[in-house]
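Beneath this line is the structure, given in structure tokens, with notes to follow.
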Amino acid sequence: MIVAVVGAGVMGSATARALAGHDVTLYEQFRVGHDRGSSHGRSRIVRLAYPEVEFVQLAKEAFRGWRELEQESGVELLELNGLLELVEDAAQSSRDALDAVGAEYALLAADEANARWPVGVPDGWTALFQPEAGIVRADLAHRALVDSALASGAHLEEDTPVGSLDEVDADVVVVTAGSWVTRLVPDLPVRTTRETVAYFRRAGEPLPSVVQLDPETRDHAMYSLHDPLHGLKAGAHHAGAAANPDDAGEPDPTLVDRITEWVVRTYPDAEPEPVLAETCMYTTTADEHFILERRGRLVIGSACSGHGFKFAPAIGRRLASLALAPG
Ligand SMILES: Cc1cc2nc3c(=O)[nH]c(=O)nc-3n(C[C@H](O)[C@H](O)[C@H](O)COP(=O)(O)OP(=O)(O)OC[C@H]3O[C@@H](n4cnc5c(N)ncnc54)[C@H](O)[C@@H]3O)c2cc1C
């Protein structure tokens, strides 16, 4: 089977790897590791804690995939220091879904959590601590996926933008084009935003990743995770403005202020001023679930909504299966 994969971000790279044994070409308009899309940077949160059982199970499958890639590459990719899910009301936490799959967790009152970690849990709130969580070393993981695909015979065409899918000479074309996906699949129901993250110097031992929920929407409001270089990375979830990925973009100063204000309240041992801010693109569906579908010769993989990276090994497998299924 001749398969073309358009877009060598973490999803395209995971798919090319999962297509080992087939004639695979991975097209990338820039160079692997560029910072214009969604997969760049040193770290991403990995977690099992989701309110939906299907995401807990998908995360479990992906964890096994990351462990296999660690074995294959000899590189440590997961650093599991746990997750603190901060909720005003414990009923809004992921406890029910974790119970449903028998995953371990502890519900801690704010003072209990504050006593264990230098993380400011708001008074009266609850912290759900889940140990199977922390960070994936994003840049190392992305590179390991690409190297694994190349080792099993895939061809990588960098600096090669695919203008139209009709020009691609392959039996099946997998489109994992991130925020550019609607250029190739115009009717896909996604919206693209440019998000802002900031980095802070923090010297202490790596802490659990943190997601703080908005009591009104139950959505993630603020999040933070260990950064291997500076110590702490933080962001405001789904706070960025609608954006065209081809436009140059700068971090939003209002968001940098909002993130800094939260970090100062939450991390007493972090430096109060950010050392760096950067942008990254979200491609979001209405329900924040992933689009993984086959349409004739096309397979479409749009798995982002600001939470896709952790699932890459599992998403890659699903897109490869769709590509190899009888058309
Ligand atoms: C600020 C931020 C924080 C995040 N935090 C987390 C987190 O903590 N945990 C988590 O699990 N996920 C997180 N995510 C989400 C995660 O990073 C994304 O879901 C994931 O990186 C999406 O990967 P992708 O391969 O679909 O997209 P991309 O990495 O953008 O890859 C798409 C690639 O396609 C290429 N391309 C596009 N069009 C063409 C074309 N026509 N021809 C050739 N190449 C083309 C692009 O250049 C790009 O390299 C976060 C995302 C952001 C932005």
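The values are calculated or read from the model by the stated rules, or taken from the named source; none is laboratory data. It should be emphasised that the depicted structure is a prediction, and the values quoted were computed from it without experimental measurement. Reconstructed Cβ throughout: ideal geometry from the backbone, glycine too, with neighbour counts over all protein chains shown. Side chains are part of the model used for accessible areas, which takes the heavy atoms of the whole protein and leaves out ligands, DNA and RNA. Shrake-Rupley method; radii C 1.70, N 1.55, O 1.52, S 1.80 Å.
Hey, any hits in the stretch 128-150 for a residue that's of a type in the set (Lys, Arg) and open to solvent by 70 Å² or more (accessible area, probe 1.4 Å)? Steps first, please.
Going through the stretch 128-150, the residues of a type in the set (Lys, Arg) turn out to be 137, 143.
Restricting the remaining residues to those that are open to solvent by 70 Å² or more (accessible area, probe 1.4 Å) gives 143.
Looking through the stretch 128-150, at least one residue is of a type in the set (Lys, Arg) and open to solvent by 70 Å² or more (accessible area, probe 1.4 Å).
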Under 8 Å by Cβ, and 6 or more places apart or on different chains, what pairs join a residue from the stretch 174-188 that is near the ligand (Cβ under 8 Å from one of its atoms) with one that is open to solvent by 10 Å² or more (accessible area, probe 1.4 Å) and among the basic types (Lys, Arg)?
-> Ala177/Arg183
For Gly82, which of the numbered conditions (1) within 15 Å of the ligand (Cβ to nearest atom); (2) at negative phi fails to hold?
-> (2)
Would you be able to say whether some residue in the stretch 83-103 is of a type in the set (Ser, Thr, Tyr), over 30 Å from Phe30 (Cβ atoms) and touching a Pro at 6+ places or on another chain (Cβ under 7 Å)?
-> yes
Which condition number does Asp35 fail, the rest of (1) in contact with a helix residue (DSSP H, G or I) (Cβ under 9 Å, 6 or more places away or on another chain); (2) assigned to a loop (DSSP other than H, G, I, E, B); (3) within 15 Å of the ligand (Cβ to nearest atom); (4) open to solvent by 50 Å² or more (accessible area, probe 1.4 Å) being met?
-> (1)
Filter result for His155 (more than 9 Å from the ligand (Cβ to nearest atom) and out of contact with any Cys (no Cβ under 7 Å at 6 or more places or on another chain)) = yes
With criteria (1) within 19 Å of the chain's Cα centre (by Cα); (2) under 30 Å from Ala325 (Cα atoms); (3) open to solvent by 60 Å² or more (accessible area, probe 1.4 Å), Pro51 comes up short on (2)
Residue ID - nearest to the chain's Cα centre (by Cα), chosen from residues in the stretch 252-278 that are surrounded by fewer than 19 Cβ atoms within 10 Å (Cβ to Cβ) and hydroxyl-bearing (Ser, Thr, Tyr) | Thr260
Can Tyr199 be described as among the hydroxyl-bearing types (Ser, Thr, Tyr) and within 15 Å of the chain's Cα centre (by Cα)?
-> no
Filter the stretch 71-97 down to residues that are in a helix (DSSP H, G or I) and in contact with a strand residue (DSSP E or B) (Cβ under 7 Å, 6 or more places away or on another chain), then give me how many there are.
-> 3
So which residues in the stretch 166-193 are touching a helix residue (DSSP H, G or I) at 6+ places or on another chain (Cβ under 9 Å) and of a type outside the set (Val, Ile, Thr), if there are any at all?
-> Asp171, Ala177, Gly178, Leu184, Leu188
Filtered residue count, the stretch 283-327, keeping only those that are within 15 Å of the chain's Cα centre (by Cα) and in a helix (DSSP H, G or I) | 8
Could you please let me know if Ala4 is more than 28 Å from Ala277 (Cβ to Cβ), more than 12 Å from the ligand (Cβ to nearest atom) and not assigned by TED's automatic domain parsing to the domain that holds Asp99?
-> no
Could you tell me whether the stretch 284-296 includes any residue that is modelled with pLDDT of 95 or more, of a type in the set (Lys, Arg) and open to solvent by less than 20 Å² (accessible area, probe 1.4 Å)?
-> no
Could you tell me whether the stretch 168-187 includes any residue that is within 26 Å of Ser43 (Cα to Cα) and surrounded by fewer than 20 Cβ atoms within 10 Å (Cβ to Cβ)?
-> no
Applying the selection to the stretch 42-55, what residues are under 23 Å from His289 (Cα atoms) and either touching a strand residue (DSSP E or B) at 6+ places or on another chain (Cβ under 9 Å) or assigned by TED's automatic domain parsing to the domain that holds Leu84 (or both)?
-> Ser43, Arg44, Ile45, Val46, Arg47, Leu48, Ala49
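A quick yes/no check of all residues on (1) in a loop (DSSP other than H, G, I, E, B); (2) among the aromatic types (Phe, Trp, Tyr); (3) more than 15 Å from the chain's Cα centre (by Cα):
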position: Arg218; (1), (2), (3): yes, no, yes
position: Tyr223; (1), (2), (3): no, yes, no
position: Leu229; (1), (2), (3): yes, no, yes
position: Gly235; (1), (2), (3): no, no, no
Report the residue count in the stretch 189-209 for those that are more than 12 Å from the ligand (Cβ to nearest atom) and β-branched (Val, Ile, Thr).
-> 0
